[in-house]
Amino acid sequence: MDNFNHLKSKILQTIEYSAISEILRVINKQGMISLAGGLPAPESFPIKIINELSNLVIKKYQAKAFQYSATEGEKELRMALVDYLKEKDIETNWENIGITSGSQQALDLIARVFINKNDLIAVESPTYIGAIDAFAPYQPKYIQIKTDNNGIIPEDLEKILKTKNIKFVYLIPTFQNPTGKTINLKRRQQIAKILQKYKTLLIEDDPYSALRYSGESLPAIKKFIPNQTIYISTFSKILAPGLRIGFYVAPKEILKLICTAKQTTDLHTNSFSQYIAAEYLKTGHLKKHLPKILLIYKKRLEAMLQALEKYFPKNFQWTKPEGGMFIWVEGPEKFDSLKTYWQAVDENVAYVPGEYFFVKKNFGKNTFRLNFTNVTEEKIEIAIKKLSQVIQKNL
């Protein structure tokens with residue numbers, strides 16, 4: 001058999017090979033400065049701490065750390081997360097916390113549990129491409145919620161919920177991917193009231209709130225509507241992404257549904273990694289190490305903002321986030337970020353064209369996303385200067 005396409009399942013037939021995968025393939029080119037991927041800096045990984053905790057886990061838990069585990073997750077980690085979440089103004093019981101293989105799996109499991117073909121899902125405009133990819137196999141239809149500099153506009157959300165039967169709303173309220181925008185406190189409270197009024201489920205994705213470099217921390221929307229929210233987060237940005245530890249907080253009835261879906265996927269998340277994460281919280285290592293991560297990223301964010309101000313054309317604008325990993329750039333209406341991307345690649349600079357973050361076609365063609373966490377300050381300046389020169393040729 002030379003061709004297996006006729007054997008593909010109907011679900012796989014609905015999944016297109018990601019165009020963004022093709023675009024990002026070039027970032028491994030020799031000499032490339034990539035402002036594209038949302039990767040943590042390798043130097044932010046607490047390698048010595050992980051080594052210390054590995055020895056501790058083996059000594060403390062022995063064979064248990066390598067055995068099959070509960071689908072919901074190891075109790076040690078779930079209990080440790082209770083105190084961690086309390087610092088984020090989320091009051092919960094350990095039995096309401098589930099562990100996943102990265103927060104991306106949580107999105108996939110939520111899709112498996114809730115989405116039927118043609119269900120309506122309301123999302124920010126633009127939104128996280130990983131969520132779009134996770135939801136896509138189940139063939140929902142998307143409704144874009146209008147946004148401004150403070151995130152989604154509550155009045156538009158209410159208009160949507162009033163006129164359409166929405167299955168759930170998906171939001172990244174803090175340092176959003178791809179824009180870096182944060183929904184302010186007043187709007188969070190408004191959004192909660194609207195969701196409560198229309199009895200709509202919220203999927204609150206929160207991978208970045210720990211990466212705050214300035215400004216005041218904000219409570220999760222879940223604080224205001226705990227029984228209508230599935231809150232998702234991850235250790236990928238505060239420990240190491242390779243350990244693949246994500247988690248979610250949900251009402252027990254929903255947690256049971258998600259666990260049912262997870263059982264058929266991988267039985268449970270890596271036991272050893274769960275114990276590493278649990279001890280990372282319990283020993284206080286996270287509180288000691290997090291400031292080191294923040295210092296690295298704060299300098300890089302400042303370097304990128306300064307370089308954009310110094311080199312970019314005056315008819316471009318960009319977000320100025322207080323944390324997270326991304327800056328969102330918007331050019332004049334006629335600017336083509338995809339066409340410019342390939343020219344930038346020829347100059348050894350990569351970014352992500354903005355159109356891939358929109359669920360509707362012909363949106364965001366003049367926008368793009370920049371990542372600052374995985375590049376040194378020196379390389380950031382070089383990259384932004386080169387990118388500006390490429391852009392100037394396309395204006």
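The values are calculated or read from the model by the stated rules, or taken from the named source; none is laboratory data. Keep in mind that this is a model prediction, so the values were computed, not measured. So basically every Cβ, Gly included, is an ideal-geometry build from the backbone, and we count neighbours across all protein chains shown.
Brief remarks follow.
- As a summary of the residue check, residue 299 satisfies the conditions (1) outside the structural domain of residue 238 (by TED's automatic domain parsing); (2) under 29 Å from residue 86 (Cβ atoms) except for the one numbered (2).
- Test result for residue 136, buried (at least 18 other Cβ atoms within 10 Å of the Cβ), at pLDDT 95 or above and under 19 Å from the mean Cα position of the chain (by Cα): no
- Among the candidates 111, 136, 70, 106, the residue that is of a type in the set (Gly, Ala, Ser) and in contact with a helix residue (DSSP H, G or I) (Cβ under 7 Å, 6 or more places away or on another chain) is uniquely 111.
- Any hit, segment 163-172, residues being in a loop (DSSP other than H, G, I, E, B), surrounded by 24 or more Cβ atoms within 10 Å (Cβ to Cβ) and assigned by TED's automatic domain parsing to the domain that holds residue 89: yes
- Screening segment 243-276 for residues that are buried (at least 19 other Cβ atoms within 10 Å of the Cβ), small (Gly, Ala, Ser) and part of a helix (DSSP H, G or I) and picking the one that is nearest to the chain's Cα centre (by Cα) gives 273.
Every residue, every condition in (1) buried (at least 23 other Cβ atoms within 10 Å of the Cβ); (2) over 19 Å from the mean Cα position of the chain (by Cα); (3) outside the structural domain of residue 179 (by TED's automatic domain parsing), yes or no:
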| position | (1), (2), (3) |
| --- | --- |
| 77 | yes, yes, no |
| 120 | no, yes, no |
| 124 | yes, no, no |
| 129 | no, no, no |
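- Residue, farthest from residue 384 (Cα to Cα), within segment 288-303, restricted to residues that are basic (Lys, Arg) and out of contact with any Phe, Trp or Tyr (no Cβ under 7 Å at 6 or more places or on another chain): 288
- Condition broken by residue 285, with the remaining ones in (1) crowded, with 24+ Cβ neighbours inside 10 Å; (2) out of contact with any Phe, Trp or Tyr (no Cβ under 9 Å at 6 or more places or on another chain) satisfied: (1)
- Restricting 267, 211, 257, 286 to residues that are within 13 Å of residue 100 (Cα to Cα) and hydrophobic (A, V, I, L, M, F, W, C) narrows the list to 267.
- For segment 1-41, the set of residues classified as at pLDDT 75 or above and within 18 Å of the chain's Cα centre (by Cα) consists of 35, 36, 37, 38, 39, 40, 41, listed by residue number.
- Contact map, segment 111-128: first residue on the phi > 0 side of the Ramachandran plot, second residue of a type in the set (Phe, Trp, Tyr) and in a helix (DSSP H, G or I), Cβ cut-off under 6 Å, separation 6 or more or different chains; the map is empty.
- Residue tally, condition outside any loop (DSSP other than H, G, I, E, B) and under 30 Å from residue 56 (Cβ atoms), over segment 220-242: 6
- Test: residue in segment 349-367 that is hydrophobic (A, V, I, L, M, F, W, C) and either farther than 23 Å from residue 179 by Cβ or assigned by TED's automatic domain parsing to the domain that holds residue 123 (or both): no
- When residues of segment 326-368 are limited to those that are under 26 Å from residue 237 (Cβ atoms) and of a type in the set (Asp, Glu), the one surrounded by the fewest Cβ atoms within 10 Å (Cβ to Cβ): 330
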